[in-house]
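Inspection log for the structure reproduced underneath, given as structure tokens.
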Amino acid sequence: MVILITGASHTGKTLLAQQMLEKYKYPYLSIDHLKMGMIRSGKTTLTPEDDDALTEELWPIVREMVKTAIENRQNLIVEGCYIPADWRNDFSEKYLQSIRFICLAMSDAYIEAHIDEIRNHASSIETRLHDTGCTIESLKLDNHNYIDAFTQSGERITIIDTDFRQTVKNLIEQ
């Protein structure tokens, strides 16, 4: 089984992946780690702010890693925001049967009510070096973009609306 986790910034993708790793003992790949490895090694001239271009560069690599894991009957958790909304188009039904997809987004009301908590937990699992742009407005826009793009692609989105911890717990138990 491969679990793909994507979603808007600050929605808890990394926390969810970490908790799934602890529960299921599946290996975990952070697409952010792959991104930073490529940037720091000089294998790309892109920067952490080049999200669309990074998706184009990283997704083909991640996609083929997912296929390899499935072909070898290996479990894997893949987490990051560099999964395109039309990701399913890259897999035949044979592969799709072995993929669980999770897309996280927060409602406007949740962002407004929990902005301080969101900011305070931004580096709970991984250190964020550049997080000065974490505003209510930027979070709302990012979440709306994910909701719109993945909804248009026919994906189910898990909306964090009231209780973050319970939402994550429910996803782990599914």
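What number of residues within segment 70-98 are open to solvent by 90 Å² or more (accessible area, probe 1.4 Å), over 21 Å from residue 57 (Cα atoms) and in a helix (DSSP H, G or I)?
Counting residues in segment 70-98 that are open to solvent by 90 Å² or more (accessible area, probe 1.4 Å), over 21 Å from residue 57 (Cα atoms) and in a helix (DSSP H, G or I) gives 3.
Examine segment 103-125 for a residue that is at pLDDT 95 or above and basic (Lys, Arg), and state whether such a residue exists.
no
Do you know which residues across segment 7-17 are open to solvent by 40 Å² or more (accessible area, probe 1.4 Å) and modelled with pLDDT of 95 or more?
Passing the criteria: none in range.
Could you list, in sequence order, the residues of segment 36-84 that are more than 17 Å from the chain's Cα centre (by Cα), closer than 18 Å to residue 17 by Cβ and without any contact (Cβ under 8 Å) to a residue 40 or more places away in the chain?
Selection gives 37 alone.
Can you tell me how many residues in segment 19-50 are outside any loop (DSSP other than H, G, I, E, B) and either crowded, with 18+ Cβ neighbours inside 10 Å or among the charged types (D, E, K, R) (or both)? Working first, answer last.
As a first pass, look at segment 19-50 and keep what is outside any loop (DSSP other than H, G, I, E, B): 19-24, 28-41.
Right, trim to either crowded, with 18+ Cβ neighbours inside 10 Å or among the charged types (D, E, K, R) (or both) and you get 20, 22-23, 28-32, 34-35, 40.
Residues in segment 19-50 being outside any loop (DSSP other than H, G, I, E, B) and either crowded, with 18+ Cβ neighbours inside 10 Å or among the charged types (D, E, K, R) (or both): 11 in total.
The values are calculated or read from the model by the stated rules, or taken from the named source; none is laboratory data. All values derive from a computational prediction rather than experimental measurement. Cβ: placed from backbone, ideal geometry, glycine included. Neighbour counts: every protein chain shown. Heavy atoms of the whole protein, side chains included, go into the accessibility calculation; ligands, DNA and RNA do not. Shrake-Rupley method; radii C 1.70, N 1.55, O 1.52, S 1.80 Å.
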